[in-house]
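Participant: So that we are looking at the same thing, I have put the structure below in structure tokens.
The values are calculated or read from the model by the stated rules, or taken from the named source; none is laboratory data. Everything numeric here is computed off the predicted structure, so don't read it as measured data. Positions of Cβ are backbone-derived with ideal geometry, glycine not excepted, and every protein chain shown enters the neighbour counts.
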């Protein structure tokens, strides 16, 4: 295969005629509930670009929602997965096991925060990992309640829809939801009523008061939180908030679960976002960036908690598929060899530098935030903090037309988020930022 040229190249309008033909087939064959952000059909991808059926080459600021951090066709991922494919595709680890699963578990036990004894169980998706973390916590504590946070996103299964804050499009019409789920405030500095400087202290106090008074700490099996809220708007909780919640959990025998599905594996410039404040979760859920694009997820945590479930109580036919495990080992190898934590920190330096300069020029940018290769801008009505979803959608559309893949998010639909592959070239990174600046100028 010829090497994929790392350049933006538009030979048709976006989407091109072949993509439009394929989209018509998609509409006829696939339910409308499965939406598409940008209807270009990809034939090849890697580095920082996606090539479509019409021969266009687009800059990728989405990474398949933080999945292809090592690129879409990283050499080590392809090499290891190909070798495994040739040996066998599946046996079911619960029937006849294989070394790859154990090796991935060993790597995760080593890489995740804390030097305590750990165990890892492998699954297929982030939602499945979160669901299993709750099962494990309930089995260990013999309690039922689960506490989650405003703006949190944890998945699309019945239980994880209950854990997820945002109604549309994730929950609307899909209830009733799993019981015994309680939501408390998140330290969202930009929107905290008394100001960002009071946010960590006040939000933690409010959350702990609600748990204590409305649920009873002695009834809570798990507190589940994203160290940076992903779908909710790339909200980095005010410094000090996470440690306070973790301390409260520890003091009350509650399992503290860090959902690092979007933030894990070098995405924030550290192996895991919890590392930033030295928070050591009892359980940590991972997926997305774990296997270079193959479906894999994990729950890693304290041995005594992970071992609480009875034999046969955890698992799944495809969980820890051997090809996905091989890909994960290739992805971790790539992250270490290329020092993708350093790459992520450099992406933050470049992006925040440019975006803060844009904020000076454009009153529509309320806040620039995020860490590493997980950066966002919150867009507002100029002179206010009123969410501006309309301009957010218009900006995304303008970027797409120019061959830049960007995603939106946020509880109010007013956040433009950037998740470039951590292997993207700096020239492409800056070209993408040029497109964003031009779109802001026009908006």
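Participant: Can you say whether residue 349 is at pLDDT 95 or above, assigned by TED's automatic domain parsing to the domain that holds residue 56 and under 22 Å from the mean Cα position of the chain (by Cα), as far as the supplied structure shows?
Facilitator: Yes.
Participant: Among the residues of segment 359-376 satisfying the criterion of being part of a helix (DSSP H, G or I) and out of contact with any strand residue (DSSP E or B) (no Cβ under 9 Å at 6 or more places or on another chain), which is surrounded by the most Cβ atoms within 10 Å (Cβ to Cβ)?
Facilitator: Among those that are part of a helix (DSSP H, G or I) and out of contact with any strand residue (DSSP E or B) (no Cβ under 9 Å at 6 or more places or on another chain), it is 361.
Participant: Please work out if residue 379 is in a strand (DSSP E or B), in contact with a helix residue (DSSP H, G or I) (Cβ under 6 Å, 6 or more places away or on another chain) and assigned by TED's automatic domain parsing to the domain that holds residue 435.
Facilitator: yes
Participant: When the residues of segment 136-157 are filtered to those that are closer than 18 Å to residue 307 by Cα and out of contact with any helix residue (DSSP H, G or I) (no Cβ under 9 Å at 6 or more places or on another chain), which remaining residue is surrounded by the fewest Cβ atoms within 10 Å (Cβ to Cβ)?
Facilitator: By that ranking, first place goes to 142.
Participant: Oh, and also: More than 30 Å from residue 246 (Cα to Cα) and surrounded by 15 or more Cβ atoms within 10 Å (Cβ to Cβ): does that describe residue 71?
Facilitator: When the stated conditions are applied, residue 71 passes them.
Participant: While we're on this one: Within segment 36-72, how many residues are without any contact (Cβ under 8 Å) to a residue 40 or more places away in the chain and out of contact with any strand residue (DSSP E or B) (no Cβ under 7 Å at 6 or more places or on another chain)?
Facilitator: Qualifying residue count, segment 36-72: 2.
Participant: Please give the number of the condition residue 392 fails out of (1) within 23 Å of residue 230 (Cβ to Cβ); (2) outside any helix (DSSP H, G or I).
Facilitator: So residue 392 meets the others, but not (2).
Participant: How many residues does segment 253-274 contain that are more than 21 Å from residue 306 (Cα to Cα) and out of contact with any helix residue (DSSP H, G or I) (no Cβ under 7 Å at 6 or more places or on another chain)?
Facilitator: 1
Participant: Now a separate question. Just to verify a result, which residue in segment 110-128, among those that are touching a strand residue (DSSP E or B) at 6+ places or on another chain (Cβ under 7 Å) and farther than 18 Å from residue 304 by Cα, is surrounded by the most Cβ atoms within 10 Å (Cβ to Cβ)?
Facilitator: Among residues in segment 110-128 that are touching a strand residue (DSSP E or B) at 6+ places or on another chain (Cβ under 7 Å) and farther than 18 Å from residue 304 by Cα, the one surrounded by the most Cβ atoms within 10 Å (Cβ to Cβ) is 126.
Participant: Report, by residue number, each residue of segment 366-395 that is touching a residue at least 60 places away in the same chain (Cβ under 8 Å) and over 30 Å from residue 339 (Cα atoms).
Facilitator: 366, 385 - these are the residues of segment 366-395 that are touching a residue at least 60 places away in the same chain (Cβ under 8 Å) and over 30 Å from residue 339 (Cα atoms).
Participant: In addition: Look through segment 6-32, keep the residues that are touching a strand residue (DSSP E or B) at 6+ places or on another chain (Cβ under 7 Å) and assigned to a loop (DSSP other than H, G, I, E, B), and return whichever of them is surrounded by the fewest Cβ atoms within 10 Å (Cβ to Cβ).
Facilitator: Checked segment 6-32; the qualifying residue surrounded by the fewest Cβ atoms within 10 Å (Cβ to Cβ) is 7.
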